[in-house]
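> One structure follows; several queries about it will come next.
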């Protein structure tokens with residue numbers, strides 16, 4: 001296996017390797033996982049279904065940890081747990097993509113990582129971008145780091161995916177997936193690195209309203225909201241990013257704890273079919 005770094009900040013392509021082999025080869029799996037921790041997101045081309053079956057796709061992801069369900073997207077009928085992210089150009093709902101986000105931070109235990117394969121993609125467009133949130137934290141001014149060191153943020157499914165649902169269903173989903181609270185600055189459980197951990201699922205700080213930060217209630221509404229939006233915007237800085245142009249049967253593997261990603265919606269009226277295995281993570285600290 002060869003590893004080709006794609007940017008100075010994040011991302012590497014794995015060459016001359018079949019991901020299916022790593023299901024059975026402990027040494028290869030360890031080498032790939034070490035590269036993942038180093039580069040944050042890995043890419044592979046040519047991972048056809050005859051080389052990497054759907055069962056192998058799930059089995060590789062399962063080597064990282066227990067697979068995670070999805071509350072909205074369905075699983076593939078041949079591989080329960082392998083989530084189908086199929087975009088249909090004829091559906092207004094499917095035309096919606098996303099903002100910069102880290103998967104599942106509305107859960108108490110957001111995903112450790114994901115293994116995503118492209119089944120069908122547009123001839124042009126439909127790229128995905130990833131951002132290195134360790135670097136985003138490192139580059140913050142010391143004054144901002146001091147200000148956010150102890151802050152915690154609320155993350156909401158109800159204010160994101162569920163917002164487009166009928167009210168009755170949205171409230172049922174809210175009861176099933178209540179808002180989660182996470183530190184604004186997270187420590188990576190394996191590398192020990194500090195990283196910025198707010199994204200499009202974050203709605204507000206839960207402990208900003210204190211005498212240190214607030215003179216009057218209006219300070220909380222304005223200053224707290226402005227600070228949160230400033231932090232969320234860090235993922236959009238190009239120097240922290242890598243952009244991947246999909247081809248059919250290419251794969252991306254990312255460390256969800258240290259990155260954010262953005263699926264670019266610039267490909268109507270085409271189909272875009274992706275299959276994803278997500279791995280259950282731990283509680284951020």
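> What does the extension gain come out to for residue 248 and residue 38, with contour length at 0.36 nm per residue minus their alpha carbon separation?
Stretched fully, the residue 248-residue 38 segment lengthens by 73.0 nm.
> When the Cα atoms of the stretch 8-59 are enclosed in a convex hull and the volume is divided per residue, what value in Å³ results?
79 Å³
> On to the next question. Let me have the relative contact order for the stretch 122-183, percent, based on Cα pairs under 8 Å that are six or more residues apart.
Across the stretch 122-183, relative contact order equals 35 percent.
> Next up: Mind jotting down the distance between the C-alpha centroids of the stretch 101-147 and the stretch 13-57, whole Å?
20 Å
> Return the FRET efficiency for the residue pair residue 50, residue 285: r is the Cβ-Cβ distance, R0 is 35 Å, and the value is rounded to the nearest 0.05.
Numbers: r = 42 Å, r/R0 = 1.21.
Taking R0 as 35 Å, the efficiency between residue 50 and residue 285 is 0.25.
> Sticking with this one: If each residue of separation counts as 0.36 nm, what is the full-extension length gain between residue 149 and residue 73 once their alpha-carbon separation is subtracted?
Details: separation 76, 0.36 × 76 = 27.36 nm, distance 3.51 nm.
The residue 149-residue 73 span can extend by a further 23.9 nm.
> Using Cβ counts within 10 Å as a stand-in for footprinting exposure, how do 156, 53 rank, fewest first?
53, 156
> Can I ask one more? Round to the nearest 0.05 the FRET efficiency obtained for residue 273 and residue 99 when R0 = 22 Å and r is the Cβ-Cβ distance.
0.50
> Measure nothing fancy, just the Cα-based angle from helix 54-64's long axis to the longest principal axis of the chain, in degrees from 0 to 90, nearest 10.
The helix 54-64 is inclined about 50 degrees to the chain.
> Also, I was wondering about something else. At a Förster distance of 22 Å, what's the computed FRET efficiency of residue 266 paired with residue 237, Cβ-Cβ distance as r, to 0.05?
0.65
> Follow-up question, since we're still on this one. For the stretch 124-262, what's the radius of gyration and Dmax over Cα atoms, in angstrom?
Just the Cα atoms of the stretch 124-262 yield Rg and Dmax of 17.0, 55 Å.
> I've got another one for you. Quick one: order 118, 102 by neighbouring beta-carbon count within 10 Å, fewest to most.
118, 102
> Need the full-extension length gain, residue 172 to residue 219, defined as separation in residues times 0.36 nm minus the C-alpha distance. One decimal, nm.
Extending this stretch completely gives an extra 13.6 nm.
> By how many degrees, 0 to 90 and rounded to 10, does the Cα axis of helix 167-176 deviate from the longest principal axis of the chain?
Value to nearest ten degrees: 90.
> Rg and Dmax of the chain over Cα atoms: what are they, in angstrom?
Cα radius of gyration and Dmax of the chain are 19.1, 63 Å respectively.
> Cα axis of helix 26-39 to longest principal axis of the chain: angle in degrees, 0 to 90, nearest 10?
The helix 26-39 is inclined about 40 degrees to the chain.
Laboratory data are not the source of any read-out in this text; all were calculated from the coordinates shown. Note that the coordinates shown come from a computational prediction; the quantities given were computed from them, not determined experimentally. Every residue, glycine as well, gets a Cβ built from its backbone with ideal geometry; the counts of neighbours run over all protein chains shown.
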